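A short write-up of the structure that comes next.
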Amino acid sequence: QQQVRQSPQSLTVWEGETAILNCSYEDSTFNYFPWYQQFPGEGPALLISIRSVSDKKEDGRFTIFFNKREKKLSLHITDSQPGDSATYFCAAANSGTYQRFGTGTKLQVVP
Amino acid sequence: EAAVTQSPRNKVAVTGGKVTLSCNQTNNHNNMYWYRQDTGHGLRLIHYSYGAGSTEKGDIPDGYKASRPSQENFSLILELATPSQTSVYFCASGPTGGNTGQLYFGEGSKLTVL
């Protein structure tokens, strides 16, 4: 059973546009949601994370919006750059479980 | 700087052969993990460990064993490799508790089973 779901599977945006990546989860006890960025040939690396006590987290051009009631998150990448082209994974966890990952969104930013 | 190193980075094995993937971390993290990554499936957890001497089954443990002989080292063992185990494998380390903080991943080990 896929406890963390992501959409779309792939996304293409033009340079300068805002990319929106979606994530949803099943377990209402999840309270930590990291997003990882993965470039080809590399391991995933933490990009930004949010805890369930917050509904928004910003870090430069990257913003997470969190809706606890609907069990949904989204990652907004504003002013997208070709260097943002990567696969993005949403994950979820609570204190008693390991991080569970979604299937990822492959983002391509076209110059 | 947090570091997780995996070896080998590339491996070609024959069906029925034994494969060992090794992982070393210098983060002094208690928890270590082995994931496999396949198109359409994302990252799936095979085995994990809470510390030296402990191993736990993840979501897809069948066909795999794990060994944690020390805080720093965590191995994934395929006793009888099959073509379905062709994949990219990632090791990660992290603090105690799934929601405590980020995981640190190695660069991956690409395994091809012929």
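These residues, A:LYS106, A:LYS57, go from largest to smallest accessible area, 1.4 Å probe, as A:LYS106, A:LYS57. Each label point was placed 7 Å from the Cα along the Cα-to-Cβ direction; for A:PHE39 and A:THR78 their separation is 2.5 nm.
In the context of the full protein assembly, B:HIS41 retains an accessible surface of approximately 90 Å², using a probe radius of 1.4 Å and ignoring ligands and nucleic acids. Applying 0.36 nm per residue to the separation of A:ILE20 and A:ARG51 and subtracting their alpha-carbon distance, the gain on full extension is 9.2 nm.
Taking all protein chains into account, the per residue accessible area for region B:1-94 stands at 46 Å² (1.4 Å probe).
Between B:LEU114 and B:THR82, the contour length at 0.36 nm per residue exceeds the alpha carbon distance by 10.7 nm. Straight-distance candidates among the lysines for linking to B:LYS65, with alpha-carbon spacing under 21 Å and chain neighbours fewer than 8 residues away dropped: B:LYS11, B:LYS18, B:LYS57, B:LYS110.
Within a straight-line Cα-Cα reach of under 17 Å, A:LYS56 can be paired with the following aspartates and glutamates, leaving aside sequence neighbours fewer than 8 residues apart in one chain: A:GLU70.
Between chain A and chain B, the total buried accessible area stands at approximately 1700 Å², from heavy atoms with a 1.4 Å probe. Taking the centroid of alpha carbons for each part, region A:11-69 and region B:39-63 are 23 Å apart. Any idea of B:GLU72's accessible area? Nearest 10 Å², probe 1.4 Å. Accessible surface of B:GLU72 is approximately 80 Å². Residues of region A:33-54 whose accessible area (probe 1.4 Å, heavy atoms of protein chains only) drops by at least 50 Å² once all protein chains are present, relative to their chain alone: A:PRO44.
Excluding same-chain neighbours fewer than eight residues apart, the lysines reachable from A:LYS57 by a Cα-Cα span under 22 Å are A:LYS68, A:LYS71, A:LYS72, A:LYS106. Would you work out if region A:29-96 is rounded, prolate or oblate? Take a ≥ b ≥ c from the square roots of the eigenvalues of the alpha-carbon gyration tensor; rounded if a/c is under 1.5, else prolate when a/b is larger than b/c, oblate otherwise. The shape class here is oblate.
Restricted to Cα atoms, region B:4-113 shows a radius of gyration and a Dmax of 12.9, 40 angstrom. Net charge dipole, the protein assembly as shown: roughly 460 debye, given to the nearest 20, about the Cα centre with Cβ charges of +1 for Lys and Arg and -1 for Asp and Glu. Centre-to-centre separation between the Cα atoms of region A:86-101 and those of region B:92-114: 11 Å.
The values are calculated or read from the model by the stated rules, or taken from the named source; none is laboratory data. None of the values given here were measured: they were computed from a predicted structure. Quick reminder, even Gly has a Cβ in these numbers, built from the backbone with ideal geometry, and neighbours come from all protein chains shown. Keep in mind that these areas ignore ligands, DNA and RNA; they rest on the heavy atoms of the full protein, side chains included. Shrake-Rupley method; radii C 1.70, N 1.55, O 1.52, S 1.80 Å.
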